[in-house]
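Beneath this line is the structure, given in structure tokens, with notes to follow.
Computed from the coordinates by the stated procedures, all read-outs in this text should not be read as laboratory data. Computed from a predicted model, the values in this text were never measured in an experiment. Please note: Cβ atoms are built from the backbone with ideal geometry, for glycine as well, and neighbour counts cover all protein chains shown.
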Amino acid sequence: MIDLTLQIGTMTLKNPVLVASGTFGYGQECQDLVDLNVLGGIITKSITLKPRDGNPPPRIVELPAGMLNSIGLANVGVETFIAEKLSFLRTVDTTIVVNVAGSTAEEFLAVVRRLDDEDDIDAYELNFSCPNVKEGGLEFSQDANITAKVMSLIRKATSRPLIAKLTPNVTKVGEIARAAEENGANAVSLINTLVGMAIDINSQRARIATTTGGYSGPAIKPVALAKVYEVSQVVQIPIIGIGGIMSGQDALEFILAGASAIEVGTANYIDPSTGVRIVDSIKQYCRKYKLASVRELVGALRPAH
Ligand SMILES: Cc1cc2nc3c(=O)[nH]c(=O)nc-3n(C[C@H](O)[C@H](O)[C@H](O)COP(=O)(O)O)c2cc1C
């Protein structure tokens, strides 16, 4: 028996493989394609206070080694999420993490407060990569003071586990992770998308309507690994690694770099069962190296020579 479990605050994950926000809908969309019960957890797309249509099309473009998107947090809003989406998630035997977003600290707070009235939500992932309208559109987690302020505000409002999801678009992500930890985060997850851009030289137009967007997929994995490693040197709370994870090997690299769990994002667009396959690969790896628990691998990275 290999122990794949992981504790984050009051939440126990049966294994360290989750699906990333915005790449798996509200879970229900994928129920006929994959056995959701095998996953360690489902993270919903970002939920805001009011419904959002998101940005105009085109808002997704496939590139040679990744994907550029400008979805713009399209979602049904917290009331419809509770009325129409949560009941399905309750039927799945896995951990349910609701990803929360807002344009202001107050919006984050209002969404968390409303969701706190509902049973069967295991944790919140706070999308601190969305623009803060009161700070000229700066992403919340681009500033350690703002991260600290919003984190402590939300910490006071709920006893559920809080995962601070961080942007990679900063110079020192470790400082931001520390600010989240010191103000009550039970875990940090990283990375969200990198700022990217693509141009069609025939039409001489930007390939997505917002000109720049969020870059994800295999191309960002080395960047994500380095950020996870950096954060692992400065925080004690669990780290959830995200960025270009397509296979068991990718997931294990993140774990060796210091992640206690991982999220599968863009890979779901190619194969929604990627997460399920990764659970199996991690088990096989543990068996091969005679490990009783996957936790023995967390941060076990050794230098090249
Ligand atoms: C189409 C798309 C939509 C996304 N929407 C969200 C979102 O609503 N909230 C969020 O926190 N992250 C969102 N993300 C970011 C992913 O959860 C993930 O952090 C990022 O894509 C990096 O992982 P990946 O390379 O495995 O995709 C989105 C990513 C993509 C590709």
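Each label was represented as a point 7 Å from its Cα along the Cα-to-Cβ direction; for R113 and E84 these points are 2.5 nm apart.
Between S46 and G22, the built amide H atoms are under 5 Å apart, and every one of these is 5 or more places off in sequence or on another chain.
Note on the stretch 1-154: Rg/Rh from C-alpha atoms, Kirkwood Rh, equals 0.97.
Residues whose amide H lies under 5 Å from that of T95, counting only those 5 or more places away or on a different chain, are K14, G41, I42; hydrogens are built 1.01 Å from N in the peptide plane.
With K and R counted +1 and D and E -1, the other residues having a Cβ less than 13 Å from that of D280 yield a net charge of +3. Cα centroid separation, the stretch 132-168 to the stretch 30-46: 26 Å. Counting only DSSP beta bridges whose two residues both lie in the stretch 115-238, roughly 55 percent are antiparallel.
Mean separation of Cα pairs under 8 Å and 6 or more residues apart, divided by the residue count, gives the chain a relative contact order of 20 percent. Note on the stretch 157-203: Kirkwood radius taken over Cα pairs, Stokes-Einstein applied at 20 °C and 1.002 mPa s, translational D equal to 169 µm² s⁻¹.
Stokes-Einstein D for the stretch 204-256 at 4 °C, 1.567 mPa s, Kirkwood Rh over Cα pairs, in µm²/s? Translational D for this selection: 102 µm²/s.
Projected over every direction and averaged, the convex hull enclosing the alpha-carbon atoms of the chain yields 15.9 nm². Out of all DSSP beta bridges with both ends in the stretch 184-284, state the antiparallel percent to the nearest 5. Antiparallel bridges: around 50 percent, rounded to the nearest 5. Residue-wise HN-Hα couplings along the stretch 38-54, as the Karplus relation 6.51 cos²θ - 1.76 cosθ + 1.60 with θ = phi - 60° gives them from phi, are 7, 5, x, x, 10, 10, 6, 5, 4, 9, 10, 5, 10, x, 10, 7, x Hz; Gly and Pro carry x. Across the stretch 188-305, Cα-Cα distances exceeding 16 Å account for 63% of all pairs.
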